[in-house]
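Let me begin by presenting the structure, written as structure tokens, before commenting on it.
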Amino acid sequence: MPHPKLSVVLATYNEEQNLARCLDSVRSLADEIVIVDGKSTDKTPQIAKNYKAKLISTTNKSNFHINKNMAIEAAAGEWILQLDADEVVSPMLANEIKSVLDNPSDINGYWINRKNWFLTRFLSKGGQYPDPTLRLYRNGTGRLPAKDVHEQTVVSGKVGALNNDLLHYRDTDFSKYLDGFNRYSSFIASQMTDRNEAIGLIPTINNLIIKPLNTFLNLFIRHRGYIDGFPGFVFAIFSGLVLGVSYIKYWQQTKYPA
């Protein structure tokens, strides 16, 4: 009896450095590849075509999850594996996914732990591992709320967990990290605008000093980020700083709109 068909779905924007590696890792898995591309200006669309992906072009939205939902909706397979272009399915994880597809059960979705690369290594502490994410689910049972960049897919019905890790080559160099840092802080600033948050002495102290310091101490001390050495230190520092930078952007947009 043939196993259910699997659709691998992605949303992309200027991912020519990552996309081929990602798609190579699912060659033995994917019955279909669906890519929603936000009008990339590099070779991303051509790479997608080289892998015979179903390519859908749209705008590059500030909340990338809107495009991910478009990919989910376009999938024809009975199961969906949702990936980011900078992620890699290891051979062990691929075999485990095949086993899930070949052995019917009443489970509608599966959590997968992620290993996150930062600068020179996979982070093992600092709240970065395990980093469970709900990525494998039956078509029609899962969707992203598309309200926040760190939200999880919501799957109806019973969910389980896989044993092998998804490899996430997120921040391979600091310049790339800062690009994401800038986008994320702008997104947080827009959320602060939506909430019409207060601006003043107390909010300034809270957002520029207290919240960043608490975040650093939580990641570096409580969650033992120091075990990851200098990359762990940098990650903890900038995870706090993004809150202050977001507040500064919000303050400028509110007090001195363009």
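The values are calculated or read from the model by the stated rules, or taken from the named source; none is laboratory data. On a predicted model such as this, the values are computed, not experimentally measured, just so you know. Using ideal geometry, Cβ is built from the backbone for each residue, glycine included, and neighbour counts are taken over all protein chains shown.
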Original post:
Where in segment 1-113 are there helices (runs of 4 or more DSSP H), lying fully within it, with 2 or more residues that are small (G, A, S), within 20 Å of the chain's Cα centre (by Cα) and not assigned by TED's automatic domain parsing to the domain that holds G180?
Top reply: 65-74
Original post:
For segment 131-148, does any single residue satisfy the condition of being in contact (Cβ under 8 Å) with a residue 12 or more places away in the chain, farther than 20 Å from K68 by Cα, in contact with a helix residue (DSSP H, G or I) (Cβ under 6 Å, 6 or more places away or on another chain) and in the same structural domain as S62 (by TED's automatic domain parsing)?
Top reply: no
Original post:
Yes or no: N182 within 19 Å of the chain's Cα centre (by Cα), under 30 Å from T141 (Cα atoms) and not aliphatic (A, V, I, L, M)?
Top reply: no
Original post:
Of the residues V155, V100, V89, which is at negative phi, touching a Gly at 6+ places or on another chain (Cβ under 6 Å) and of a type outside the set (S, T, N, Q)?
Top reply: V155
Original post:
Which helices (runs of 4 or more DSSP H) sit wholly inside segment 156-258 and have at least 3 residues that are surrounded by fewer than 13 Cβ atoms within 10 Å (Cβ to Cβ)?
Top reply: 174-195, 201-205, 229-255
**OP:** Of the numbered conditions (1) modelled with pLDDT of 95 or more; (2) touching an Asp or Glu at 6+ places or on another chain (Cβ under 8 Å); (3) more than 22 Å from Q82 (Cα to Cα), M192 fails exactly one; give the number of that condition.
**Re:** (2)
Original post:
Which of the residues that make up segment 38-57 are surrounded by 14 or more Cβ atoms within 10 Å (Cβ to Cβ) and in contact with a strand residue (DSSP E or B) (Cβ under 8 Å, 6 or more places away or on another chain)?
Top reply: G38, S40, T44, P45, A48, Y51, A53, K54, L55, I56
Subject >> Residues (under 16 Å from L219 (Cα atoms) and part of a loop (DSSP other than H, G, I, E, B)) located in segment 114-143 >> reply: L123, S124, K125, G126, G127, Q128, Y129, P130, D131
**OP:** Working only within segment 15-37, note down all residues that are farther than 15 Å from A76 by Cα and surrounded by fewer than 18 Cβ atoms within 10 Å (Cβ to Cβ).
**Re:** E16, Q17, A20, R21, D24, R27, S28
Subject >> Criterion (of a type in the set (A, V, I, L, M, F, W, C) and touching a Ser or Thr at 6+ places or on another chain (Cβ under 9 Å)) met by exactly one of I56, I33 >> reply: I33
**OP:** Filter segment 90-115 for residues that are buried (at least 18 other Cβ atoms within 10 Å of the Cβ) and touching a helix residue (DSSP H, G or I) at 6+ places or on another chain (Cβ under 9 Å) and give the result.
**Re:** Y110, I112
